1. What tally of residues in the range 61-83 results from selecting those that are touching a residue at least 12 places away in the same chain (Cβ under 8 Å) and either under 12 Å from the mean Cα position of the chain (by Cα) or not in a helix (DSSP H, G or I) (or both)?
2. Sort out which residues of the range 1-59 are open to solvent by 40 Å² or more (accessible area, probe 1.4 Å) and among the aromatic types (Phe, Trp, Tyr), and write them in order of number.
3. Can you pull out every residue in the range 95-110 that is open to solvent by less than 80 Å² (accessible area, probe 1.4 Å), free of Cβ contacts under 8 Å to residues at least 60 places away in the same chain and within 17 Å of residue 77 (Cβ to Cβ)?
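The values are calculated or read from the model by the stated rules, or taken from the named source; none is laboratory data. All figures in this text were calculated on a predicted structure; none of them were measured in a lab. Because the Cβ atoms are built from the backbone with ideal geometry, glycine has one as well, and the counts that use them run over all protein chains shown. What goes into the accessible areas is simple: the full protein's heavy atoms, side chains included, and nothing from ligands, DNA or RNA. Shrake-Rupley method; radii C 1.70, N 1.55, O 1.52, S 1.80 Å.
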Amino acid sequence: MKKHEKYMLEALKEAKKAYLLDEVPIGCVIVKDNKIIARAHNKRENKESTLAHAELLAIEKANKKLNSWRLEDCDLYVTLEPCMMCVGAIIQARIKHVYFGATDNKSGALGGSFNVLKNKFNHKLLVTKNVLKEESEIIIKDFFKQLRK
């Protein structure tokens, strides 16, 4: 198993936690020096907060863990392509590399709906998509299929 798949499996575990809470199943982990330093899942419904995206919650935990707003040597793994708000936070946190599973053609900001990175920023973000894409797509599709029933 590739290193990136190992961490995406951990993000998928977080997505499953969200699913069980009737949240859109999105999970995220942040890795530094080959160790998970933060993990989170979507909690928008339960917290009744626009900001409770998995990525933002994980970034906040990583900030506390490292006692710094800078996450320069960290990689972020998330099951669904980040939205514009989350990409903004990822750039501001100086995260090195984002790995995501499923593409979000409705609000993904790293190529799915549009690509924020076509603009110039003071930080260069590396992106790898389609890591465990099928597994990431299945959990989201299943969730919305259940929701419609």
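1. So the count comes out to 15.
2. 19
3. Once the filter is applied, which keeps residues that are open to solvent by less than 80 Å² (accessible area, probe 1.4 Å), free of Cβ contacts under 8 Å to residues at least 60 places away in the same chain and within 17 Å of residue 77 (Cβ to Cβ), the range 95-110 yields 97, 98, 100, 102, 103, 104, 108, 109, 110.
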